[in-house]
Amino acid sequence: MEWHACLDEYEKLVIRMSTPRVVIDNAVCPTATLIKVDSARRHGILLDAVRVLTDLNLSIKKAYISSDGQWFMDVFHVTDLNGNKLTDASVISYIKQSLETTHPDRSHGFNGLTALELTGTDRIGLLSEVFAVLADLQCDVVDAKIWTHNGRIASLIFVKDCNSGSPIEDSQQIDKIEARLRNVLKGDNDIRSARTSVSMAVTHIERRLHQMMFADRDYERQPILQHKSDFPVVTVQNWVERGYSVVNVQCKDRTKLLFDVVCTLTDMQYVVFHATIKTSGDKAYLEFYIRHIDGTPISSEPERHRLVQCLQAAVERRASKGVRLELHTSDKQGLLADVTRTFRENGLNVTRAEISTTSDMALNVFYVTDSTGNLADPKTIESVRQKIGFANLKVKELPLIYHEKAESEEQAAGVGGAVLLSLGSLVRRNLYNLGLIKSFS
């Protein structure tokens with residue numbers, strides 16, 4: 001570490017104390033890469049560390065978190081999505097650099113765009129109407145994430161002006177966009193809870209979606225469909241002798257699970273002092289020892305019940321519901337409006353979506369069900385793919401009942417099981433999107 005000439009020894013000590021120390025080790029564990037982070041404890045530091053790892057689509061197999069006084073230690077066992085240890089030097093270097101940054105940059109990659117925040121009652125065809133309005137108002141959608149949960153929808157959409165390619169800053173145009181989108185979200189029966197806002201400031205997308213759904217109180221609403229086998233089990237008990245509240249979460253394992261839970265605890269103003277995370281097969285077991293920011297444990301039954309509800313919601317929001325469809329095609333004005341209109345016309349409801357644009361190519365992911373929230377008919381999926389283009393719209397992560405039909409159809413279409421992006425390239429693609437490497441090929 002190089003020091004500025006004017007720093008005295010005390011200032012150097014403060015910098016050393018406040019800068020996390022990171023060790024990345026591939027020798028200790030035969031099945032995973034160990035990432036160790038030692039740092040001074042502050043509110044949100046665990047979330048920052050987990051965010052760095054999950055933004056690269058890394059899988060956290062185990063984790064141990066412990067604090068001693070004002071010092072904090074994290075140990076993460078991570079792999080890529082193929083279950084392999086990390087060997088790419090650029091990925092390892094980026095992780096180390098990011099974790100050593102006291103306050104990571106959360107808005108990288110979205111400068112020059114206008115952020116639209118939308119919440120309201122979900123319904124079939126809603127996204128089609130939203131994207132149609134944006135196309136009509138000459139808004140080019142560059143990036144977006146849409147979540148649905150318990151009949152509610154939250155979306156964060158990044159747009160620019162179609163003609164100038166610049167962010168939308170004209171106040172009259174912004175007022176028009178907000179008014180049109182609010183009318184769409186209201187529909188016939190959501191006059192009070194539909195919300196729209198336009199912002200030039202950008203926060204971490206997925207954390208913001210959690211905050212939007214939390215503010216919308218989605219956790220208090222009854223689910224439309226509930227599959228008991230996938231329902232997360234959350235318990236909260238007080239360890240009176242040590243002054244902790246102990247939170248246990250048992251659920252199906254998936255990517256970014258730890259981020260979703262820690263994000264919710266942090267935004268609800270709880271501090272994690274100790275934690276153990278384990279995975280076994282497709283199951284995850286998470287245990288946290290928490291207190292309020294003021295150092296006290298949970299003190300009432302209503303608060304305990306609310307935390308259980310909020311953590312269950314945090315786990316469920318990102319859970320994959322329905323068939324995963326991946327769209328890879330040349331970007332054009334109105335593309336999203338056309339694609340989502342085709343979904344609507346064929347009775348498909350979008351439960352989650354991730355929209356991105358790279359070098360004039362649209363890389364979009366949609367999770368779809370039928371209009372009642374059940375699995376979509378394979379014939380309907382096939383019909384939609386035919387209309388949009390078999391080569392452009394591909395089916396991924398299908399339920400077991402789809403596998404044989406999907407494989408035979410892929411062979412007939414001549415695509416030979418080709419994929420949009422291999423799992424092994426996802427980490428490098430994220431680095432490319434962050435502008436940290438020149439190519440992910």
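The values are calculated or read from the model by the stated rules, or taken from the named source; none is laboratory data. What you are looking at is a predicted structure, and each value in this text was computed from that prediction instead of being measured. Here the Cβ positions follow ideal geometry from the backbone for every residue, glycine too, while neighbour counts run over all protein chains shown. Keep in mind that these areas ignore ligands, DNA and RNA; they rest on the heavy atoms of the full protein, side chains included. Shrake-Rupley method; radii C 1.70, N 1.55, O 1.52, S 1.80 Å.
Before moving on, here are some points about what is shown:
- Per residue accessible area in Å² of the range 52-103, where ligands, DNA and RNA are left out and the probe is 1.4 Å: 44
- Gain upon complete extension [residue 278, residue 164; 0.36 nm per residue less C-alpha separation]: 36.1 nm
- Within the accessible area of the range 69-179 (1.4 Å probe), percent carbon and sulfur: 46
- Note on residue 292 and residue 38: their simple-model spin labels are 3.4 nm apart, each label 7 Å out from Cα toward Cβ.
- Fully extended contour minus Cα-Cα distance, from residue 252 to residue 375, at 0.36 nm per residue: 42.4 nm
- Shape of the range 246-332 from the C-alpha gyration tensor: prolate (a/c of 1.5 or more and a/b above b/c, with a ≥ b ≥ c the square roots of its eigenvalues).
- Computed about the Cα centre, the dipole magnitude for the range 60-140 is approximately 380 debye when only Lys and Arg (+1) and Asp and Glu (-1) carry charge, each at its Cβ.
- Counting 0.36 nm for each residue step from residue 171 to residue 93 and taking away their Cα separation leaves a gain of 23.8 nm.
- Protection proxy ranking, highest mean first, for peptides 61-74, 44-57: 44-57, 61-74, where packing is the per-residue count of other beta-carbon atoms within 10 Å, averaged.
- For the range 279-364, the share of accessible area belonging to carbon and sulfur comes to 46 percent (1.4 Å probe, ligands and nucleic acids excluded).
- Approximate spin-label separation residue 178-residue 299, in nm, with each point projected 7 Å along Cα-to-Cβ: 3.8
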